[in-house]
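Every read-out reported here was derived from the displayed coordinates using simple, explicitly stated rules and does not represent laboratory data. Quick caveat: nothing in here was measured; it's all calculated off a predicted structure. Backbone-built Cβ (ideal geometry, glycine too); neighbour counts: all protein chains shown.
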Amino acid sequence: MNEIDRALHEDWHPIAALNELEETTIQERCLLGESLILWRDGDRVAVWENRCPHRGAKLSGATATGDRLVCPYHGLHYDRAGQCIFIPAHPDLKPPDRLHVRSYPCQIHYDLIWVNLSKNNVPIPEFREWNDPNYRKFLCGPYVYESSGFRAIENFLDVSHFPFVHDGLLGDRDRPRVEEYTIDRDRNGLKLNNVGVWQPDPDGTGSGGRVTYDYSVSRPLTASFVKHARGGKLAIFFTVCPTAEEACVGWMWIAMNYGHNLPETELRAFQDRVVRQDLPIVASQRPKRLPLDLKAEIHLPCDRASIAYRQWLRELNIRFGTLW
């Protein structure tokens, strides 16, 4: 691996929610353009390259039987570690060690299955409210974006679209002004503080007012915010799987330290509604890949967050899903 996109290959990426994967079910996923399979044996989840090393057949059509996986082409058996342990055409032959499916590190955090393509030891992105019992938490998604994952994250950081894309919910066309806010940026990410806006319905409770956001972008494709409103806090942890250069899948964990009597179904429906408003707008952007040359698009004073985000991605030498 060269220096290009090292930051992406050495990072952890969510590829599925744990509840999407039933035991003995093999599912195909894509990460950074690579086809993968994931399968579950009890409490263990394995993530492999979607290719049998014998003749290159896809393993997404394989059969999981107990603690082994059987290739659909020639019936080769692979154990949990990806090593071939039985060849039906030669039952007495000990399979060679190199008859081994490439596997990837996998961890389960926040009820999501995370994968690292480089076997790096960086930590999973932090969801600060996860262990705080004062917050009720629920997962929303998956949300499929027909655009670069970086376009999706940039949209998440952009409050100036609220009055137009989310009019009546997160914004009001008659009150579109974006207040001044501060940005701190280094190689570890971005922090946006004191981003103030007025929202008619900031959280699905139907009660409007001025709110303040504090954003954090800890990884190229993971961002979060804490929204301060009505004496309480609403946090969203947004993480994106870059399936291809112009496609991605996102999940959002919602955490609230108020409104504990509100039905979760209503809160989740509100978030789904907001994201459904975002999806066609993000998909309509051209180019679909995020331009990192600041001269490629026109910037306004309210775009300081996206400018800082693009500059940071350029410092990290990220090419997948971007344009230079």
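General observations
- The mean sequence separation of alpha-carbon pairs under 8 Å and at least six residues apart, normalised by the residue count of region 24-98, gives a relative contact order of 18 percent.
- Placing +1 on the Cβ of every Lys and Arg and -1 on the Cβ of every Asp and Glu, with nothing else charged, gives region 6-116 a dipole about its Cα centre of roughly 460 debye.
- For E179, nonlocal amide neighbours, meaning residues 5 or more places apart or on other chains whose placed amide H falls under 5 Å from its own, are G196.
- Highest-fluctuation residue, L99, L112, L31 considered, GNM on the chain with Cα pairs under 10 Å: L99
- Given K58/K94; K191/K233; K119/K191; K119/K227; K137/K191, the pairs whose alpha carbons are separated by over 26 Å: K119/K191; K119/K227
- Footprinting exposure proxy ranking of S216, S118, fewest other C-beta atoms within 10 angstrom first, gives S118, S216.
- Bridges between two residues of the chain, per DSSP, are antiparallel at a rate of about 95%.
- Highest GNM mean-square fluctuation among G171, G189, G42, for the chain modelled with Cα contacts below 10 Å: G42.
- In order along region 41-54, phi translates into HN-Hα couplings of 10, x, 8, 9, 10, 10, 10, 10, 5, 7, 7, 7, x, 6 Hz, rounded to whole numbers, per the Karplus curve 6.51 cos²θ - 1.76 cosθ + 1.60 with θ = phi - 60° and x for Gly and Pro.
- Counting beta carbons within 10 Å around each of F237, F156, F225 and listing the fewest first gives the order F225, F156, F237.
- Contact order, relative form, for the chain: 18 percent (alpha carbon pairs under 8 Å, 6 or more residues apart, mean separation divided by residue count).
- Hydrophobic long helices, here whole DSSP H runs in the chain with Kyte-Doolittle means of at least -1.0 and Cα atoms spread over 15 Å or more along the helix axis, are found at 264-284, 304-315.
- Alpha-carbon Debye profile of the chain, log10 I(q)/I(0) at 0.09 Å⁻¹: -0.52
- Across region 136-323, C-alpha contacts under 8 Å between residues 6 or more apart give a mean separation that, scaled by the residue count, equals a relative contact order of 28 percent.
- Nearest-0.05 FRET efficiency for A296 and L316, computed from C-beta distance (R0 30 Å): 0.95
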